[in-house]
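S.K.: One structure, as structure tokens, below. Some questions next.
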Amino acid sequence: MGVRSLMAASGALMLSFLAFTPLSRGAEPQVYVIEINKLAFGSAPAGLHVNDIIEWRNSDIFRHTATADDGSFDIDLLPGAKGQTVLKRPGVIDYTCRFHPGMKGRLVVGP
Ligand SMILES: [Cu+2]
């Protein structure tokens, strides 16, 4: 590999790095609410980005958790309680309730 193609490769690498840097979005973090009720998570919001916030609200009569499969969050909510998660990195995060394994959801977080 010559110097020229090496420089082109590193330039492309830098561009893809910049494209995936959260600062490149230039938007303020948004807060999205996911309501939990009747033993189910409300639908996950679309268009999530790094630094956005999920506010979990337990409107059910049961205690629930929002527990990420990758360990990135574990929110424990008594009936009527709410809690927040900051999305730290891009990717797909599947989550469940530790008390009710049939409760499932998925967050898709863009850069
Ligand atoms: Cu539950």
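The values are calculated or read from the model by the stated rules, or taken from the named source; none is laboratory data. Values in this document were obtained by computation on a predicted structure and should not be read as measured data. Ideal geometry is used to build each Cβ from the backbone, glycine not excepted, and the neighbour counts take in all protein chains shown. With ligands, DNA and RNA removed, areas are computed over all heavy atoms of the protein, side chains included. Shrake-Rupley method; radii C 1.70, N 1.55, O 1.52, S 1.80 Å.
S.K.: For Lys38, which lysines qualify as cross-link partners when the Cα separation must be under 26 Å and same-chain residues fewer than eight apart are set aside?
M.R.: By straight Cα distance, Lys38 reaches Lys82, Lys104.
S.K.: Give me the accessible area of Asp70, 1.4 Å probe, in Å² rounded to the nearest 10.
M.R.: Looks like 80 Å² after rounding.
S.K.: Next question, about the same structure. Working out 0.36 nm times the residue gap between Val33 and Leu78, then minus their Cα-Cα distance, what length gain in nm do you get to one decimal?
M.R.: On the way: separation 45, 0.36 × 45 = 16.20 nm, distance 1.65 nm.
Contour length minus the Cα-Cα distance gives 14.5 nm.
S.K.: Related question: Give me the 1.4 Å probe accessible area per residue for the range 28-110, excluding ligands and nucleic acids, in Å². Each step should come with its number before you reach the end.
M.R.: Working: 4560 Å² over 83 residues.
That works out to 55 Å² per residue.
S.K.: If you don't mind, another one. Run the 1.4 Å probe and let me know the accessible area of Leu39, rounded to the nearest 10 Å².
M.R.: Its heavy atoms expose roughly 80 Å² to the probe.
S.K.: Add +1 for every Lys or Arg and -1 for every Asp or Glu among the other residues with Cβ under 11 Å from the Cβ of Arg57, and state the total. Can you show the working numbers first?
M.R.: Numbers: positive: Lys82; negative: Glu35, Glu55, Asp60.
Charge balance near Arg57 sits at -2.
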